[in-house]
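The values are calculated or read from the model by the stated rules, or taken from the named source; none is laboratory data. Here the structure is a predicted model, which means the values were calculated and not measured. With ideal geometry, Cβ positions are generated from the backbone for all residues, glycine too; neighbour counts draw on all protein chains shown. Accessible surface areas use protein heavy atoms only, side chains included; no ligands, DNA or RNA. Shrake-Rupley method; radii C 1.70, N 1.55, O 1.52, S 1.80 Å.
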Amino acid sequence: MHRLTITRPDDWHLHLRDGDVLGSVLPDTARRFRRAIIMPNLKPPVTTVEAAAEYRERILAALPEEADFEPLMTLYLTEATTPGMIEAAKASGFIHGVKLYPAGATTNAASGVADIRRCYPVFEAMQRVDLPLLVHGEVTDPEVDIFDREAVFIERHLQPLIREFPELRVVLEHTTTESGVEFVESGPENIAATITPQHLLYNRNALFAGGIRPHHYCLPVLKRERHRQTLLRAATSGHPRFFLGTDSAPHPRHAKESACGCAGIYSAHAAIEFYAEAFASVDALDKLEAFASFHGPDFYRLPRNTDSITLERVDWTVPEAVLFGHDPGVPLRAGETVAWQLARY
Ligand code: DOR
Ligand code: ZN
């Protein structure tokens, strides 16, 4: 297959940042996707409906004129979030989920949740008003091996949580392991997961290919090949509760090429193209549309998009660097080729 037309996709997990960086990364997403779930881990985090409303306005103001793009906002959960704030979030109509970061789990997660049980009254409210919980599913316990943090989180926190709130819609964000896939496949209809392009295309060897590779570092960290194969199988299975979420996360080059480099991979410049590569690698391009364009809106109870995009099987070379505001940043696959291209009209 050399040309593929699919219903316009959405990105169910995206970091846009703010200010100058927002203005420089947003066009990449808006060219490909009609909507995106916008992560709230700004500095300071987006913890209130008012802050989310203001952030949404800044995103709309930064859009290119021709863009038809809708930011789907989220709230950052803290131990100070109240059931009343959940009701207000639901009533807003523009907030589509609440993000749980275990405190310290990743970039700007310092104000996250240290004791998940303290949020149970908030989960009760979310279940009642039917607002999805989006979970960064990794424990922060330094005793737990970094490659096991997702599996341990599911066992210690997620299983008890879904037993206590059986109707709560939960998205295990950027699942990376067999444990995550099994959690969704064995779970009820209200449990889903997003999968990133990097976890479909790379295993943990990519972190150490000939030397340390900070631009392949994200959280959850890349896993071993066995897990990548399981993710590919899940994404291409047609299972309705796996869907596209890039976790595209811009960081300036200097913050990644550092003695203590930041977690995050920028993929928005070729996001749907990367997924096309991954699906083509297992001869499953016919499954891309449902994963990218149907399963997400169905789970979030939003209408499917009605327009389309076309991908062409043409190699192109990703630039060595792009600008995030005034700072250069290194996009995924920098200086190398991508096998699919978005057709220009
Ligand atoms: O690699 C990551 N980068 N993982 C996250 O969970 C956060 C993200 C970021 O905001 O940079
Ligand atoms: Zn993320």
Which distance in nm do the two modelled labels at His254 and Asp298 give, with both placed 7 Å along the Cα-to-Cβ direction?
4.8 nm
Considering only Arg31, Arg301, Arg204, give the residue with the highest GNM mean-square fluctuation for the chain, with springs between Cα atoms whenever their separation is below 10 Å.
Arg301
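How large is the convex hull of the C-alpha atoms of the chain per residue, in Å³? Don't skip to the end; give the middle numbers.
Working: hull volume 43.6 nm³, N = 345.
Normalising the Cα hull of the chain by residue number yields 126 Å³.
Evaluate the charge dipole of the chain about its Cα centre and quote only its size in Debye, nearest 20, assuming +1 on the Cβ of each Lys and Arg and -1 on the Cβ of each Asp and Glu. Show your work: numbers first, answer last.
Values: 35 positive and 46 negative charges, 42 e Å.
It works out to roughly 200 debye.
Take each of the peptides 103-116, 186-199, average the number of other beta-carbon atoms within 10 Å over its residues, and list them starting from the highest.
Values: 103-116: 17.5, 186-199: 21.4.
Most protected by this proxy first, the peptides run 186-199, 103-116.
Residue separation times 0.36 nm, minus the C-alpha to C-alpha distance between Ala110 and Thr337: what's the value? Numbers along the way, then the final one.
On the way: separation 227, 0.36 × 227 = 81.72 nm, distance 3.66 nm.
Roughly 78.1 nm would be gained on extension.
Keeping every protein chain present and rolling a 1.4 Å probe, give me the accessible area per residue for the chain in Å².
That works out to 40 Å² per residue.
Once every DSSP H run of n ≥ 4 in the chain is given -39500 (n - 2.57) and the sum is divided by its residues, what mean residue ellipticity at 222 nm do you get, rounded to the nearest 500 deg cm²/dmol?
Helix contribution divided over all residues of the chain: -8500 deg cm²/dmol.
Restricting to the chain, what percent of DSSP beta bridges are antiparallel, rounded to 5? Walk me through the numbers on the way to the answer.
Details: 12 of 36 bridges.
Around 35 percent antiparallel, to the nearest 5.
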Would you please name the GluC sites (Glu not before Pro) within the range 260-338 that are DSSP coil residues with at most 13 other C-beta atoms within 10 Å of their C-beta?
Glu320, Glu336
Residue separation times 0.36 nm, minus the C-alpha to C-alpha distance between Asp20 and Asp307: what's the value?
100.4 nm
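Using only the Cα atoms of the range 1-139, what semi-axes does the equivalent ellipsoid have when each is the square root of 5 times a gyration tensor eigenvalue? Give whole Å, largest first. Don't skip to the end; give the middle numbers.
Working: eigenvalues 150, 51, 48 Å².
Equivalent-ellipsoid dimensions as semi-axes: 27, 16, 15 Å.
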Extension gain, Val144 back to Arg224 (0.36 nm per residue minus Cα-Cα distance, nm):
27.1 nm
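What percent does the relative contact order of the range 3-342 come to when contacts are Cα pairs within less than 8 Å and at least six residues apart?
Numbers: 705 pairs, mean separation 65.8, N = 340.
Normalised by residue count, the contact order of the range 3-342 is 19 percent.
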Among all helices in the chain defined by DSSP H, which have a length of 27 Å or more along the axis from Cα atoms plus a Kyte-Doolittle mean of at least 1.6?
none
Lys, Arg +1 and Asp, Glu -1 on Cβ, resulting dipole of the range 178-328 about Cα centre, debye, nearest 20:
460 debye
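If you roll a 1.4 angstrom probe over the protein chains with everything in place, what fraction of the accessible area of the chain belongs to carbon and sulfur, to the nearest %?
On the way: 6890 of 13850 Å².
The C+S portion of the solvent-accessible surface of the chain is 50 percent.
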